[in-house]
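Here's the structure we're looking at; comments come further down.
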Protein chains: 2
Amino acid sequence: MALEVKMDDLTELLKGVLEGAVMQILRHQPTYGYEIVRALNGAGFASVSEGTVYPILLRLEKKGCVNVEQVRSEMGPPRKVYTLNAAGEAALASFWQRWEFVSTRLQTIKEDNND
Amino acid sequence: MALEVKMDDLTELLKGVLEGAVMQILRHQPTYGYEIVRALNGAGFASVSEGTVYPILLRLEKKGCVNVEQVRSEMGPPRKVYTLNAAGEAALASFWQRWEFVSTRLQTIKEDNND
DNA sequence: TACTGGTACTCAGTAACACTAGGTAAAGGA
DNA sequence: TCCTTTACCTAGTGTTACTGAGTACCAGTA
């Protein structure tokens, strides 16, 4: 049994973050939605489900950040394998830059207002 | 002139974060909306304006996280000074716990999927 | 008095995102 | 044939930051 901390709702804090996480996963290796859900769950985002991930993938496709390819599977229906392209790499870099920005400023506020 | 980096829209990454930042500022010292806006701007969140902060303060009041007191000002209309109470301290602690959680998992995803 | 500018608060409407709760469908095994 | 696992999709909901406009108080000045 894994170490489980009762964690409140993370929804708001995940806004914008999950898209970055998905892009990072895709940058490492092209893969498909169902697998990404399991990767996120395995990374600790236990409550993230398909209804969250598929819209993200559609969004990335619409923005032109990924290439899509239908691949037949031995087990179950065909998979849509997503690959991060050049535009996606740029979007990912932008994400990390913005994350770093927010993260740093928040830390500053914490330190400057710590008693 | 300050070091300015062209930073894209932070809106989504700020979801949930600003409420935490406001609580942290209030924990340090009771203060009022207008001043909080300037504190956030000074901390680097340059685009955060009154239309963002005042709804947060109303929300915190509705949730019972803050106490409010009308204080006359020498300059301009009376101020609504907010004080973080016990419930607010708990909410702030919960915020930092969730922030740490998301931050850590995201870092893990970055490292595990770095090439 | 009238005007100006800085201070301080409010609120209706918008956009974006995670999430819920369903649904469809393909393949293999009992 | 039915069930499970795999794999994808989507309409609707709630929460949040943000925009833009408005109200109002006060001090100084002409």
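The values are calculated or read from the model by the stated rules, or taken from the named source; none is laboratory data. In this text, all values refer to a predicted model and were calculated from it rather than measured experimentally. For neighbour counting, all protein chains shown are included, and Cβ atoms are generated from backbone atoms with ideal geometry for every residue, glycine included.
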**OP:** For residue B:101, work out the one condition from (1) within 10 Å of DNA strand C (Cβ to nearest atom); (2) free of Cβ contacts under 8 Å to residues at least 40 places away in the same chain it doesn't fulfil.
**Re:** (1)
**OP:** Taking the options A:68, A:53, A:81, A:48, name whichever one is among the β-branched types (Val, Ile, Thr), part of a helix (DSSP H, G or I) and at pLDDT 95 or above.
**Re:** A:53
**OP:** Exactly one condition in (1) modelled with pLDDT of 95 or more; (2) within 14 Å of another protein chain (Cβ to nearest Cβ) is not met by residue B:7; state its number.
**Re:** (1)
Original post:
From the list B:54, B:82, B:34, which residue is touching a Leu at 6+ places or on another chain (Cβ under 7 Å) and farther than 19 Å from residue A:101 by Cβ?
Top reply: B:82
**OP:** Residue by residue through region A:85-102, note down the ones that are at the interface with chain B (Cβ under 7 Å from one of its Cβ atoms) and small (Gly, Ala, Ser).
**Re:** A:94
**OP:** Within region A:72-97, count every residue that is under 25 Å from residue B:114 (Cβ atoms) and free of Cβ contacts under 8 Å to residues at least 40 places away in the same chain.
**Re:** 7
**OP:** Please state which one of A:72, A:59 is exposed (fewer than 15 other Cβ atoms within 10 Å of the Cβ) and touching an Asp or Glu at 6+ places or on another chain (Cβ under 8 Å).
**Re:** A:59
Original post:
Does region A:10-31 hold any residues that are within 7 Å of another protein chain (Cβ to nearest Cβ), within 10 Å of DNA strand D (Cβ to nearest atom) and part of a helix (DSSP H, G or I), and which are they?
Top reply: A:12, A:13
Original post:
Applying the selection to region A:56-65, what residues are more than 9 Å from DNA strand D (Cβ to nearest atom), touching a helix residue (DSSP H, G or I) at 6+ places or on another chain (Cβ under 6 Å) and part of a helix (DSSP H, G or I)?
Top reply: A:56
**OP:** Filter region A:32-54 down to residues that are farther than 13 Å from residue A:82 by Cα and either surrounded by fewer than 16 Cβ atoms within 10 Å (Cβ to Cβ) or more than 11 Å from DNA strand D (Cβ to nearest atom) (or both), then give me how many there are.
**Re:** 14
